[in-house]
Every structure is written in C-alpha cells, then in structure tokens.
Amino acid sequence: MTYQNHDGAIGVFDSGVGGLSVLRAIRNELPDERLIYLADSGHAPYGDRDADFILDRANRITEHFLASGVKAIVVACNTASVVAIEKIRSWCPVPVVAMEPAIKPASQSTRTGVVGVLATTRTLSSANVARLCEAYGKRVRILLRPCPGLVEQVEHGELYSAATRRLLTGYLSPLLTAGADTIVLGCTHYPFLGELIGEIAGTDVAIVDSGAAVAKQVLRRLEGSRVSTCNVPALEPTFFSSAEPDQARSVISTLWGKSVEVHSLALTHQG
C-alpha cells in the first residue's frame, strides 16, 4: 500500500534513549525530513520483558505515530524489531523499517575470523539472530554476548562511569581473549558507549553498528513510496518520552548534544 503524505514526519522509537543513535544517522542521511522521536524509557529495558508486553508497547507507539500523520516508522530497537516487526508490518499502512545486528558486514570484514556480538538477552535468543549466524557464520566464529545492565547505564547517562566500565570489561574480555577483532553493537543504546568500548578493546578492534544502514534503508523506502521529499522546512526533531520529564530532558539533551524540549507521553494501558 502506497501512503502518500509528503509532509509527514518520520517516526522513530526505541525502548529508551538508545535509538537516538539511529535518529542521528537518519538526520545525517535525510537532513530535510521532519523527525519525531519517542523514547519509551518509562518501560525500559525491553530486553528482559515478555513478548506480549513488547508487542503491546510497539502497537501503541505505532498507533500514536499514525495519529500524528507520519509517513514512515523506524523501530530503532533491536529487541522490539525481533519481537514485533512482522505483526506491525501486517497492519501498518506506512513503511516500517527495523533494526538488524550488523553480523553480515562484520563477518565480511573480520581479519581474525572471530566476531563478537553485544546485545540484549532477548535479541540474541531470537530467530533473526540465529538466521544471521547460520547465514554468515560458516567461515567465521560468531560469539554472542548478552549484556544485562548496559541499557540501564545509558538510560541514566552513565556513559563513562566506573560501574559501566566494569560491566563492559566483563562482557568484552572473553570475546577479546577468543580473538575477536570486530565487535557488533546489537543494541541501539550501545553506540553511546562506543568510546569506552574502544578504550577497553583497543585500536585494533573494529566496532560496527547498524545505524547508517538503517538510515539508507529509510531513504530507499521513502523513495519507493515516492514520499522522500518533504515540502516543509526541516526542524529540530520533536522528542517524546514516557520517563519522568526532568530525567528524560537531561539524558536526551546530553546524548543529542544540545538542550532540547522533551514532551511527556505515557501511552498507558486502557481499561
């Protein structure tokens, strides 16, 4: 179904603030498009939630975006992508772009033949990751490392704290010992930890994520639907969060790199 709404915004959502890394990539790729970002931080992290809960949140956010007149939706959350994307696409009338861990490019660029993947427990246990490992793990060794606690560190803006360093060191050490020279960031929160990951892993280890690839896919989908040209001036993205307003404003402003206004949006269960 083609959805003709040239002036609509692109709606981007995540379980929290991690999808801001994807939002930045989309802004770089499509600088003239209007963007709406929704951080469901009041319900983060999704990684340890059951599938029904995640699907319910994804449906409610999608409905909110459609009511706002968006012309495309980006599920900037790996966990929500693996749990909810097919069901959302089955009824959503606008293009929906999802996340996928960058296992393919990592497997093609590794020199040692060992790739480490950092992600949430639910993402790593998904059929999608199993498919990627089957497809691209025949000639390389792919090591999956669940990382409980990292999403929460980013949600609280603790990008360089001693506690965050301890968590990352514990998660990275086995991968580095096994010879991994490429680390896939399989959660959109993790690019905000990229500098610290680089310090721990060293300069010989490549760090890859999916943000730029997702942005290019958004461009392709909009061009395919003939709605890639926005007829109104691009503005600063509009930010929403289900978290406590002051905390949301502080963290989003820090990660976005400038002070921004953040609107509260609960989208609570009905009845």
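The values are calculated or read from the model by the stated rules, or taken from the named source; none is laboratory data. Keep in mind that what you see is a predicted model, and the values were worked out from it rather than measured. Here the Cβ positions follow ideal geometry from the backbone for every residue, glycine too, while neighbour counts run over all protein chains shown.
How about segment 156-203: which of its residues are among the polar types (S, T, N, Q) and farther than 29 Å from VAL75 by Cβ? Reasoning before the result, please.
So the first thing to find is which residues in segment 156-203 are among the polar types (S, T, N, Q), and the list is 161, 164, 169, 173, 177, 182, 188, 203.
Residues satisfying the conditions are THR169, SER173, THR177, THR203.
If you check LEU66, LEU30, LEU23, which single one turns out to be under 30 Å from THR182 (Cα atoms) and more than 16 Å from the chain's Cα centre (by Cα)? Spell out how you get there, then give the answer.
Working: LEU66 fails: under 30 Å from THR182 (Cα atoms); LEU23 fails: more than 16 Å from the chain's Cα centre (by Cα).
Sole residue among the options that is under 30 Å from THR182 (Cα atoms) and more than 16 Å from the chain's Cα centre (by Cα): LEU30.
Can you say whether VAL97 is of a type outside the set (D, E, K, R), at pLDDT 95 or above, under 30 Å from VAL115 (Cα atoms) and part of a strand (DSSP E or B), as far as the supplied structure shows? Break it down stepwise before answering.
Details: of a type outside the set (D, E, K, R): yes; at pLDDT 95 or above: yes; under 30 Å from VAL115 (Cα atoms): yes; part of a strand (DSSP E or B): yes.
Yes, satisfied.
Given (1) closer than 21 Å to LEU55 by Cα; (2) assigned to a helix (DSSP H, G or I); (3) not assigned by TED's automatic domain parsing to the domain that holds TRP256, identify the lone condition not met by PRO148.
(2)
Is it fair to say THR110 is closer than 30 Å to LEU143 by Cβ, among the β-branched types (Val, Ile, Thr), outside the structural domain of LYS216 (by TED's automatic domain parsing) and under 15 Å from the mean Cα position of the chain (by Cα)?
Working: closer than 30 Å to LEU143 by Cβ: yes; among the β-branched types (Val, Ile, Thr): yes; outside the structural domain of LYS216 (by TED's automatic domain parsing): yes; under 15 Å from the mean Cα position of the chain (by Cα): no.
Judged against the criteria, THR110 is not a match.
Given (1) under 17 Å from the mean Cα position of the chain (by Cα); (2) farther than 28 Å from LEU193 by Cα, where does ASP52 come up short, assuming only one miss?
Only one criterion is unmet by ASP52, namely (1).
I'm checking my understanding of the structure. Among residues of segment 249-267 that are assigned to a helix (DSSP H, G or I) and over 18 Å from the mean Cα position of the chain (by Cα), which one is farthest from LEU235 (Cα to Cα)?
To start, the set of residues in segment 249-267 that are assigned to a helix (DSSP H, G or I) comprises 249-256.
Imposing the further condition that a residue be over 18 Å from the mean Cα position of the chain (by Cα) reduces the set to 249-250.
Numbers: ARG249: 18, SER250: 20 Å.
Out of the qualifying residues, it is SER250.
Is there a residue being within 30 Å of ASP52 (Cα to Cα), modelled with pLDDT under 95 and loosely packed, with under 15 Cβ neighbours inside 10 Å anywhere in segment 245-263?
yes
Would you mind stating whether GLU29 is farther than 27 Å from GLY157 by Cα and not aliphatic (A, V, I, L, M)? Spell out how you get there, then give the answer.
Values: farther than 27 Å from GLY157 by Cα: no; not aliphatic (A, V, I, L, M): yes.
No.
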